[in-house]
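So the structure is just underneath, and the comments pick up after that.
The values are calculated or read from the model by the stated rules, or taken from the named source; none is laboratory data. These figures come from a predicted structure and were not determined experimentally. Neighbour counts run over all protein chains shown; Cβ positions are idealised from the backbone, glycine included. Protein only, heavy atoms only, side chains kept; ligands, DNA and RNA dropped before computing areas. Shrake-Rupley method; radii C 1.70, N 1.55, O 1.52, S 1.80 Å.
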Amino acid sequence: MNLAFKEIKRNKVRFLILGSIVFLVSLLTFIISGLANGLSQDNASLIKDLPEGQFYMNDDAEETYTLSRIDSSLQDELLTNYKDATALSIQMGILNNHNGKQQSVVFVASTESKNFKDVKDGEIILDQSMEEKGINVGDTLTNPQFSGEFTVKGFVDQTKFSHAAVAFINIENYKEIYRVNEMQLVFVPKDNSPQEISGLQSFSKHEFLKTIPSFNAEQMTLNMIVWFLVVISGMLFAIFFYMMNVQKIGLFGILKAIGLKTSRLFTIMWTQMIFITITSLALSIAISQGFNLIAPEGMPFSLTIETTMNLSVVFLVIGFIGTTIASLQIKKIEPLQAIQQGEI
Amino acid sequence: MSLFTLNEVKKTFTIGEVKEEILKGVNLSLREGEVTALVGASGSGKSTLLTIAAGLQSASNGQVIFEGNNLSQMEEEGIRKIRANHFGFIFQFAHLVPFLTVEEQLLLMLDVSESKLKKHEQKSEVNRILQVVGMEHRKQAYPSSLSGGEKQRVAIARAIIHKPKVLFADEPTASLDSKRSKDVMALIREITKTLNITTLVVTHDEEMLVFVDHIIKMSDGLIVQHS
Ligand SMILES: Nc1ncnc2c1ncn2[C@@H]1O[C@H](COP(=O)(O)OP(=O)(O)OP(=O)(O)O)[C@@H](O)[C@H]1O
Ligand SMILES: [Mg+2]
């Protein structure tokens, strides 16, 4: 006889309330985590979407890429010695269109590479968000420090840095705008990257992201919120499952007295907990994934199935622990107390 | 024949620093097919004695012998099996499972006692026992919709459906009015006779004593009178 489901059927409201709490809390966690991830995409998709690899900047740049200048002879040496290595620079800047309207962008210039856009002299490739702002292929854009004009060649998907749209330009145009001759960084994809190069400091992708001040602060805050939610929801789950089971101590005592195995009582509680958690999680996964699809264009929201699954497993484990802690009480129940407590 | 024997059973409770001996060496044997009543003043140790005999708590000293097994030396799991297969319980309150129908309460008991009956045989057995207690018309009812007396009759049905050898009842009529109390006691007596069960009933109610074969009077942790 399946006592777990018989009880759920008979006490629908109670289990519905418990289920909706699990649902709401997990949905909230999924949404916040989607926002955290969305914001981090918005902040640094230029870097995040690169393959794994190492970034190198000058030793004396003090981990600030804008201060880094890599000596050209060293750069040449690196680019010839390591396959797919790229030298690049990233700088905030502005673009004006023909009617003088100004847009902030991040200029990115690199040596020839499959990981970055190849842009010819006088051309520019922009992040898609610029298209939504009314810029079209073939438009001409200017920059106060640049003698020539940029012609828009095309757009790229979600390529942002520091919440600004990326603008890929030719390396020579870059050098003119910022009046520099050296590039800030060298990027070498993982398989080919050397550990140590004298005079340079190496950063993994993750480490490099952490050197971007705004990125680090933002992600730390959001991740803290997500984990805070996970901990709070864990406690909520545990408390609710605990309360539900404590209410049944009298009943469990009677069942023990008539000869039910303690292990069967545990199974009842675990079955109920797993059933409720999985149903509620399935619902909030469906809704958060749905939201992922229909999230408004400007809203930075990105929730992968993988993140959702990882969080779901955390919720299940937490629910399981909560129920088990509550259940330890049951092991201790003396059938006698229940009998003498009177009507249940 | 005596199925159940208690030898020099003692029980001491420690409350704080004070040790109090509640049972001071009880000797008792119960006979098959007979109802034995346990009477005595409140606090004299009746419930304690009954629950020790039923394996719901252990004795501090002495032997509780059921079919040659000494319960006071058995493991928890062994005692549980004996309770599930050979003992039936009726308490002051029915203590039914709130989310099961009357029929399901009894099927659960068959399940717990690992009944060998097939599904449809279990169902007809449930019907039969419900007829015995006069509750077959409420088979699909949940406990919340039954009266106190009806609940108690279902509890009796649950206590006997698995054909226990011993039936323990601690004040089974205390929550019922006089008329219903008599009905319930008559029922317990009848079942004891027809199923040849060994029954031990704790009661406060003098009126109930007409339904029993033996009366054992307790006072201050000792049996003072047999009849
Ligand atoms: N778990 C326990 N811990 C401490 N003392 C207990 C415990 N159980 C029972 N006692 C004490 O043992 C004595 C006998 O209790 P018991 O319940 O057996 O009495 P009783 O004869 O059934 O009384 P009543 O007729 O009121 O039900 C009482 O004084 C009670 O306080
Ligand atoms: Mg008592």
Is it the case that some residue within region A:310-333 is touching a helix residue (DSSP H, G or I) at 6+ places or on another chain (Cβ under 8 Å), more than 23 Å from A:Met243 (Cβ to Cβ) and within 16 Å of ligand 1 (Cβ to nearest atom)? no
Only one of B:Gly33, B:Gly25, B:Gly40 that is touching a residue at least 60 places away in the same chain (Cβ under 8 Å), under 18 Å from the mean Cα position of the chain (by Cα) and away from ligand 2 (no atom under 14 Å from the Cβ): B:Gly33
Kindly list the number of the only condition in (1) open to solvent by 30 Å² or more (accessible area, probe 1.4 Å); (2) at pLDDT 85 or above; (3) in contact with a helix residue (DSSP H, G or I) (Cβ under 9 Å, 6 or more places away or on another chain) that fails for A:Glu149. (3)
One residue is enough: does region A:302-314 have a residue meeting the conditions within 14 Å of another protein chain (Cβ to nearest Cβ), assigned to a helix (DSSP H, G or I) and among the β-branched types (Val, Ile, Thr)? no
Given (1) modelled with pLDDT of 90 or more; (2) assigned to a strand (DSSP E or B), number of the condition B:Val154 does not satisfy: (2)
Residue ID - nearest to the other protein chains (Cβ to nearest Cβ), chosen from residues in region B:124-173 that are in contact (Cβ under 8 Å) with a residue 60 or more places away in the chain and within 16 Å of ligand 1 (Cβ to nearest atom): B:Asp170
Could you list all residues from region A:28-55 that are out of contact with any Phe, Trp or Tyr (no Cβ under 9 Å at 6 or more places or on another chain) and within 17 Å of A:Gly319 (Cα to Cα)? A:Leu28
Flag for B:Met208 being surrounded by 15 or more Cβ atoms within 10 Å (Cβ to Cβ) and either within 16 Å of ligand 2 (Cβ to nearest atom) or farther than 26 Å from B:Val102 by Cβ (or both): yes
Hey, among the residues in region A:251-275 that are open to solvent by less than 10 Å² (accessible area, probe 1.4 Å) and touching a residue at least 12 places away in the same chain (Cβ under 8 Å), which one's farthest from the other protein chains (Cβ to nearest Cβ)? A:Met273
Take A:Ser288 and decide whether it is assigned to a helix (DSSP H, G or I), of a type in the set (Ser, Thr, Tyr) and within 14 Å of chain B (Cβ to nearest Cβ). no
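Conditions tested, residue by residue: (1) open to solvent by 10 Å² or more (accessible area, probe 1.4 Å); (2) at pLDDT below 90; (3) in a helix (DSSP H, G or I).
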{"position": "A:Ala44", "(1), (2), (3)": "no, yes, yes"}
{"position": "A:Ala87", "(1), (2), (3)": "no, no, no"}
{"position": "A:His98", "(1), (2), (3)": "yes, yes, no"}
{"position": "A:Ser104", "(1), (2), (3)": "yes, no, no"}
Looking at region B:202-215 only, could you name the residues that are part of a strand (DSSP E or B) and away from ligand 1 (no atom under 12 Å from the Cβ)? B:His214, B:Ile215
Pairs please, first residue from region A:10-29 and outside any helix (DSSP H, G or I), second anywhere and at pLDDT 90 or above, Cβ atoms under 7 Å, 6+ apart in sequence or on different chains. A:Asn11/B:Phe99
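Rundown of residues vs (1) modelled with pLDDT under 90; (2) farther than 21 Å from A:Ile339 by Cβ; (3) at the interface with chain A (Cβ under 9 Å from one of its Cβ atoms), yes/no style:
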| residue | (1), (2), (3) |
| --- | --- |
| B:Asn27 | no, yes, no |
| B:Thr48 | no, no, no |
| B:Ser60 | no, no, no |
| B:Ile65 | no, yes, no |
| B:Gln73 | yes, yes, no |
| B:His86 | no, no, no |
| B:Gln105 | no, no, no |
| B:Lys119 | no, yes, no |
Selection from region B:75-84 of residues within 11 Å of chain A (Cβ to nearest Cβ) and closer than 21 Å to B:Thr198 by Cα yields B:Ile79, B:Arg80, B:Lys81, B:Ile82, B:Arg83, B:Ala84
Strands (runs of 3 or more DSSP E) contained in region A:150-259 and holding at least 1 residues in contact with a Ser or Thr (Cβ under 6 Å, 6 or more places away or on another chain): A:150-156, A:164-169, A:185-189
Condition test on A:Ile325, is it within 14 Å of another protein chain (Cβ to nearest Cβ) and either open to solvent by 60 Å² or more (accessible area, probe 1.4 Å) or not in a loop (DSSP other than H, G, I, E, B) (or both)? no
What residue, among those in region A:223-250 that are among the aliphatic types (A, V, I, L, M) and within 14 Å of chain B (Cβ to nearest Cβ), is nearest to B:Gly55 (Cα to Cα)? A:Ile249
